[in-house]
Each structure stands twice: as structure tokens, then as C-alpha cells.
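The values are calculated or read from the model by the stated rules, or taken from the named source; none is laboratory data. In this text, all values refer to a predicted model and were calculated from it rather than measured experimentally. Note that we place each Cβ from the backbone using ideal geometry, even for glycine, and neighbour counts take in every protein chain shown. Note: areas computed on protein heavy atoms with side chains; ligands, DNA, RNA excluded. Shrake-Rupley method; radii C 1.70, N 1.55, O 1.52, S 1.80 Å.
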Amino acid sequence: MFSALSAIISVLLLTATGWFLRHRNLIPRERWSGMEDLAYWVLFPAIILINVGTSDFSAMPVMEITLSVLGTFSLLAILCLVLQPFLKQKFAIEGPRFTSIFQGVVRWNGFVAMAIAANSFGEEGVALVAVIMAIMIPAANLLCVIVLSIYAGGSVPSPKTLAKELIKNPFIISVAAGGLINASGGYIPEVIANYLTFLGSAALPIAVLCVGAALDLGALRRPGPALTTALLLRNVLAPGIALSFALALGLDEISATIVTLVFSVPAAGASFVLARKMGGDAKLMAEILTLQTVAAAITIPTWLLVVAYLIG
């Protein structure tokens, strides 16, 4: 647990470094987008591919982890949809703003989760996060596209639209490719394995630096009900639900920690891109990501201490 807390501090320092470099203009704004694209399209798929392709999933409680993450994800999605009429009536939070809250609650930043998992538990932590990515990425992308289409676009998306969103997602492609490799015996030629490892080793620091560079602390001066709702549901409630599933299903300490961690980290940066592309409230989405990231400095260590106390 102390190694996990040390890893969190390291990730937070890296996040702060990204914020400093961006806001002191040592690296101008236009260059960060290229770094984000590099991490999203090349570096992160490399680390997912090699970990999914070579991990021994038979030694992991895959079924229990699947039930934990899908159960938590489903409960959070249902809760958001149940709250939608109340938020609209009480706080005048209309469709596009609601979609940003929804994304802020059900999506998660794999960059941050994998960085903490790698520093805390090494290859085992990375492999567990990769398993959860394989489960969660298709589900989260599908559901968020549907919710955005209905509440921001006013229509139900066609199966063709949903298929396009899945097919062009590099994380889904790398998870699928890694799954095929694993199913065929998990062999990757040494030169290719080394190549993917080199690429993957650059993914986590670059991605976390980009998370810090995207923070806009000025947006947090007057947080309203939309921001507060997304913060409480994501940073406070979601980890508690995930931990409850982990305890009920008897997960070991490392697996329970990873499951809780996944639902403790802020929402994914890709949420902003999807909000802007599909008519959501992109400004609110950016504010939610910033507030959740800042609050995570307190909420992630707190929840991991709770896991250690209950299971350790």
C-alpha cells in the first residue's frame, strides 16, 4: 500500500510538471496536441497490445473482475439516467450538459490508472488494468455515443454509427489484437516484443504530462451543481461501489485495489473530444476533468487506504 501511495504521488508530480510546462509556455499549446495524438494512437496501443497478448489471464480472477467492473459501470450509468430528470428540473441542466456529467461519471482515464498500477504492482498491475480495458472500453464507448446521440443530438444512433466508433478506436483495436495473440499462445517475436516495450515505456509519462497540460484551474473558481454532481459520483461514490463489488466477490488485495483504482481516477480525456464532436457541452466537460483530477490527489489515496484497511 505504501508503494501505491508513493506511485500516486509520483503521478501527481508528473501531472503538475505537465501543468507547469504548459502554463509557463515552455512547451506551447499547439505542441501538446501532437503529444496527445502520439500517446493515443501509437504509444498506449503498444503497451496494451503487449500486455494483453502475453499476460497469463488464467492466473487472474478474470470473471470476478469482469463482474465487479461491469456491475459498477452499470450501476453508475443507471444512477445518472435516473438523476437526469431531477437535474433538469431542479438545476436546469439540459441534454448537452447532462451528457458531460454522464461521461464524467462512467468513463475513466486509463493513462492515470495504468501509471499508478505500473508503479505500484509492476507487470501484474499493468496486466490487470489491461484486462479491465478490454472489458470497459467497448462498453463505455458504445454507451456514451448512445447517450450523446439521444440527449445532445435528439436521435438514437444507427448500428453503423456505433460500429464505426468501435472500429476506429485504437484501444479496442489493440485489445482485440492482443486477445488474438494471447489465444494463439501468446508468442510475440523478440524483436517485435522489444519494439512494443520501448514504445509502451514512453506512453505513461507522456500521457500523464498531457493530462497535466490540459488542466485549466481557472475553470474551478465557481463550481456549480453540474460540476459538483460529476465530482461526487465519480470521485466519492464510484470507488465505494467498486470496492463493494470487490469485497462481495472475494477479490484479493491487488485485484480489489486495481478495481477500486479504476473507478477512482478522473474521467478520460477522450470525453472532451467526443463531447465536442457530438454536440455535448465541451466546456463543462473540460471543467469536470480538471476538478476530478485535482480532487483525485485526495480521493485516490483515501480510497486505497480504505482498501488496505478492509482487505490488507
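Annotations for the structure displayed:
- Residue in the range 228-239 that is assigned to a helix (DSSP H, G or I), at pLDDT below 95 and among the small types (Gly, Ala, Ser) present: no
- Filter result (open to solvent by less than 20 Å² (accessible area, probe 1.4 Å) and either at positive phi or of a type outside the set (S, T, N, Q) (or both)) within the range 69-85: Val69, Gly71, Phe73, Leu76, Ala77, Cys80
- The range 140-154, subset open to solvent by 30 Å² or more (accessible area, probe 1.4 Å) and in contact with a Leu (Cβ under 8 Å, 6 or more places away or on another chain), residue nearest to Leu81 (Cα to Cα): Ile146
- Qualifying position, being without any contact (Cβ under 8 Å) to a residue 40 or more places away in the chain, open to solvent by less than 80 Å² (accessible area, probe 1.4 Å) and either of a type in the set (A, V, I, L, M) or more than 29 Å from Gly179 (Cβ to Cβ) (or both), among Ser33, Ser6: Ser33
- When the range 246-257 is filtered for residues that are over 15 Å from Tyr309 (Cβ atoms) and either open to solvent by 60 Å² or more (accessible area, probe 1.4 Å) or outside any helix (DSSP H, G or I) (or both), the ones remaining, listed by number, are Ala248, Leu249, Gly250, Leu251, Asp252.
- The residues listed here are Ala270, Ala295, Ala256; of these, the one that is of a type outside the set (Phe, Trp, Tyr) and either out of contact with any helix residue (DSSP H, G or I) (no Cβ under 7 Å at 6 or more places or on another chain) or over 23 Å from Val69 (Cβ atoms) (or both) is Ala270.
- Of the listed requirements (1) modelled with pLDDT under 90; (2) in a helix (DSSP H, G or I); (3) open to solvent by 30 Å² or more (accessible area, probe 1.4 Å), Arg222 misses just one: (2).
- Yes/no for Leu128 being open to solvent by less than 10 Å² (accessible area, probe 1.4 Å), at pLDDT below 95, of a type outside the set (S, T, N, Q) and part of a helix (DSSP H, G or I): yes
- Residues that are over 22 Å from Asn169 (Cα atoms) and outside any loop (DSSP other than H, G, I, E, B), drawn from the range 258-286: Ile258, Val259, Thr260, Leu261, Lys283, Leu284
- The residues of the range 94-124 that are closer than 17 Å to Ala267 by Cβ and not in a helix (DSSP H, G or I), listed by number, are Arg107, Trp108, Asn109.
- For the range 266-312, the tally of residues that are more than 30 Å from Ser149 (Cβ to Cβ) and either buried (at least 19 other Cβ atoms within 10 Å of the Cβ) or touching a residue at least 60 places away in the same chain (Cβ under 8 Å) (or both) stands at 14.
- Total residues in the range 145-191, condition in a loop (DSSP other than H, G, I, E, B) and under 16 Å from Ile48 (Cβ atoms): 4
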